[in-house]
Amino acid sequence: MTTQAQPAKASGEFSIGGKLPVTRLGYGTMQLPGPGVWGEPKDPDEAVRVLRRVVDLGVNLLDTADAYGPAVAEPLIKKALHPYPADLVIATKVGHTRQGPGQWAPVGRPEYLRQQTELSLRFLGLEQIPLMQLHRIDPTVPLEDQVGELARLREEGKIRFIGLSEVTVAQLRAAAEITPIATVQNLYNLANRSAEELLDYSAANGIGFIPWFPLATGQLAKPGSPLAALAAQRGASPSQLALAWLLHRSPVMLPIPGTASIAHLEDNVAAAGIALSEREYAALEDAVR
Ligand SMILES: NC(=O)c1ccc[n+]([C@@H]2O[C@H](COP(=O)([O-])OP(=O)(O)OC[C@H]3O[C@@H](n4cnc5c(N)ncnc54)[C@H](OP(=O)(O)O)[C@@H]3O)[C@@H](O)[C@H]2O)c1
């Protein structure tokens, strides 16, 4: 398949855990459930169409979580895409619970992580989850119990690779002493680079870095974006420049922009083909200072 037919491929490849290749530009499913990431999508048929278009465009890394809905995004993925293309990598998460729209609370007790993994396998129709991420470290449960349970699930073949989400370098190092960690997922975008140290550590250690809120929840993409003038000069959209900046920033960067709109999805995926010069890269940083 050419990059013209599957534009996401132009973002290049990263191998999760050195063994599981993904296109670097992925897709995040958190925008698919209802408002506050709660309940069914406004238009479930459109959500299915978006997911099918994701794969048509050559994206093969889907980020999701049992907590999206909860139990809405994962079943939607199954409905839209099962039986899955052989190269599709579904990255899901465990350890976050939901009490209502916009409400989130970590629960990292091993028996809960195990139950949630079993449910994700069922919701997704998989025998093994390619990448399971600990959604949050629960501060009330010892880290070795949380990461240790994921390691046991991997030994049992229920998950293939383990990732972490919203961690410090110290937490990543502590978890990596318990079991190999293949990816981390932290808030990171052109306008919020507080995870810079974690990104550099990940790059030095071959760990995939999945930036969440790559578009600053759409702030960098919308009309009036600080990137609007540069986007007009370049003949691109602000969203494309925000994503091209991330892809340029590091070879371990795996952005997962989220959208419930096919037009926005197509706009975002076209960012894979935008190569920035060092001058353009620096100008984008200046634009958000
Ligand atoms: N690990 C964690 O704790 C964590 C936390 C948050 C998110 N995540 C993951 O990260 C993914 C990305 O985060 P996100 O989806 O919240 O934020 P985002 O990708 O930074 O931005 C999504 C927002 O931007 C809008 N948008 C997307 N593309 C656009 C375009 N081309 N033009 C204009 N607007 C556009 C979307 O609205 P439309 O739907 O209208 O396009 C949506 O409001 C999530 O989907 C989820 O998988 C993980």
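Readers should treat all values here as calculations from the given coordinates under stated rules, not as data from a laboratory. What you see is a predicted model; the values in this text were computed from it and never measured. Cβ atoms come from the backbone with ideal geometry, glycine included; neighbour counts cover every protein chain shown.
A few comments on the model shown:
- For region 38-140, a simple Cβ point-charge model (Lys and Arg +1, Asp and Glu -1, everything else neutral) yields a dipole of about 120 debye relative to the Cα centre.
- Eligible lysines near Lys222 by straight Cα distance, threshold 27 Å, same-chain separation 8 or greater: Lys9, Lys42
- On Cα atoms only, tilt of 238-249 relative to the major axis of the chain in degrees: 70
- Remark on region 147-277: hydrodynamic radius 15.8 angstrom, per the Kirkwood mean of 1/r across alpha carbon pairs.
- Within the chain, percent of DSSP bridges classed antiparallel, to nearest 5: 20
- When its C-alpha radius of gyration is set against 2.2 N^0.38 Å (N residues), region 223-289 gives a value of 1.05.
- If you wrap the Cα atoms of the chain in a convex hull and average its projected area over all directions, you get 14.1 nm².
- Three-way shape call for region 139-223 based on the alpha-carbon gyration tensor, with the a/c threshold at 1.5: prolate
- Helix-only [θ]222 nm of the chain, DSSP H runs n ≥ 4, -39500 (n - 2.57) each, per residue, nearest 500: -11000 deg cm²/dmol
- Tensor-based shape of region 34-167 (alpha-carbon gyration tensor, a/c under 1.5 rounded, otherwise prolate or oblate): oblate
- Förster-model FRET efficiency, 41 Å R0, Thr168 and Asp45, C-beta, rounded to 0.05: 0.50
- DSSP assigns beta bridges within region 21-161; of those with both partners inside it, close to 15 percent run antiparallel.
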